[in-house]
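Here is the structure we will look at, set down as structure tokens.
The values are calculated or read from the model by the stated rules, or taken from the named source; none is laboratory data. Everything quoted here is computed from the prediction, not taken from an experiment. With ideal geometry, Cβ positions are generated from the backbone for all residues, glycine too; neighbour counts draw on all protein chains shown.
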Amino acid sequence: MREWKQGDLPMVRMIALDMDGTLLGLDARVSPRNLAAIEAAEAAGIRVVIATGRRHCYAMRQLRGLGLGEESVLVSSNGTVTRYLGHGARLLNRSFLSTEISLWLCEYVAEFRDALVITFDRVGADGEDSFGSLVVENLENLTSNVDRWVAANAPYIECVVPIERALLARDGQEAPNPPIQMMLCGTVERMRRAEAHLLEHPQVTAAGVAASEARPGATIALSRTEYPARDLSIVDILPAGCSKGVALLRLAEGWGIQPEELMAIGDNWNDVSMLEIAGRAVLMKNAPEDLKVVALERGWAIGGHHDADGVAEAIEAVLSEQEVVLA
């Protein structure tokens, strides 16, 4: 029998970690200390979930080979897909944008088509995607904004003109599964205009957790990530009802874990849905300044910097606090 010694504070039984700007340092790697903290948490019986805006294949570039357990789970594409890291990348949950909605979106964001990426989930048992998992119409503009992302994902990017052709049957083949998301990428000012334009339509809502936050009848949810120092912003276009927070609540329920027993650690606006549901929310020190204001208003802790083992500091504090003894 376990006896919890820390008064009325809920015991942390699940930890959700964002990747970029949180778990990964400036070198885009998981530091030895961060990895050791994750391993210690898992050894203590705490479920550790990686929750990222990256799609599964792109996230696995940094996670593969770290020795994380077969039962470790990856929530990718901002909550649209959930898979095991092991078990042949077995799928736990996946949502799609319908082909009809996707075709409409291509037309509705006409002003921003040069910044549009369509993402399909074509992950195999090895966790790898195939060519055409990412589709663009104009690669030049994306390269000028996210050149490192384009270079890293070159084996999966297909240029299709017009981009709508990627959503339909072509070359004698059947139509593909609908996309799991779309993405707009560009300067902060341009992407805020794109987000505002999308939110003008009643079918579009901001990604969140509570049903009361969504527009009735909305079929599309938006999730924004900003990097002011790089003048870079990404607007993810997701199926309505998808977010990191929703995906984590689904996992927690399946594991018999209450939201107050969850600690979430993130650094950006696309992490808000998981920070707002967690019993303990930690916002990284390197987060945008306006998000830090929100954190202070909501009582979230401000943690360390992502390039100074801020994740390890937060996990180590919980492990030190949670002295569990056998009675």
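In the stretch 6-25, how many residues are loosely packed, with under 14 Cβ neighbours inside 10 Å and either touching a Phe, Trp or Tyr at 6+ places or on another chain (Cβ under 8 Å) or at pLDDT 95 or above (or both)?
Looking only at that region, the number is 0.
Looking at the structure I just gave you, is Gly241 touching a residue at least 24 places away in the same chain (Cβ under 8 Å) and surrounded by fewer than 19 Cβ atoms within 10 Å (Cβ to Cβ)?
Considered against the rule, which asks whether it is touching a residue at least 24 places away in the same chain (Cβ under 8 Å) and surrounded by fewer than 19 Cβ atoms within 10 Å (Cβ to Cβ), Gly241 comes out as yes.
Scan the stretch 146-177 for residues that are under 20 Å from the mean Cα position of the chain (by Cα) and of a type in the set (S, T, N, Q) and report the count.
Looking only at that region, the number is 1.
Among the residues of the stretch 136-148, how many are among the hydrophobic types (A, V, I, L, M, F, W, C), buried (at least 19 other Cβ atoms within 10 Å of the Cβ) and at pLDDT below 95?
2
Starting from residues that are outside any strand (DSSP E or B), in contact with a helix residue (DSSP H, G or I) (Cβ under 8 Å, 6 or more places away or on another chain) and on the phi < 0 side of the Ramachandran plot, keep the ones in the stretch 296-312 and report whichever is surrounded by the most Cβ atoms within 10 Å (Cβ to Cβ).
Among residues in the stretch 296-312 that are outside any strand (DSSP E or B), in contact with a helix residue (DSSP H, G or I) (Cβ under 8 Å, 6 or more places away or on another chain) and on the phi < 0 side of the Ramachandran plot, the one surrounded by the most Cβ atoms within 10 Å (Cβ to Cβ) is Val311.
Name the single residue, out of those in the stretch 40-81 being part of a loop (DSSP other than H, G, I, E, B) and of a type in the set (S, T, N, Q), that is surrounded by the fewest Cβ atoms within 10 Å (Cβ to Cβ).
Per the criteria, the residue is Ser72.
Kindly indicate whether any position in the stretch 269-288 is farther than 29 Å from Met182 by Cα and assigned to a helix (DSSP H, G or I).
Checked the stretch 269-288: no residue is farther than 29 Å from Met182 by Cα and assigned to a helix (DSSP H, G or I).
For the stretch 302-317, which residues satisfy the criterion of being over 20 Å from Ala44 (Cα atoms) and free of Cβ contacts under 8 Å to residues at least 60 places away in the same chain?
Ile302, Gly303, Gly304, His305, Ala308
Condition first: touching a Gly at 6+ places or on another chain (Cβ under 8 Å) and among the acidic types (Asp, Glu). Now tell me which residues in the stretch 19-53 satisfy that.
Asp20, Glu39, Glu42
Quick one: which residue in Ser98, Ser133 is polar (S, T, N, Q), within 30 Å of Asp231 (Cα to Cα) and modelled with pLDDT of 90 or more?
Ser133
Applying the selection to the stretch 165-190, what residues are touching a helix residue (DSSP H, G or I) at 6+ places or on another chain (Cβ under 9 Å), surrounded by fewer than 18 Cβ atoms within 10 Å (Cβ to Cβ) and in a helix (DSSP H, G or I)?
Within the stretch 165-190, just Val188 meets the criteria.
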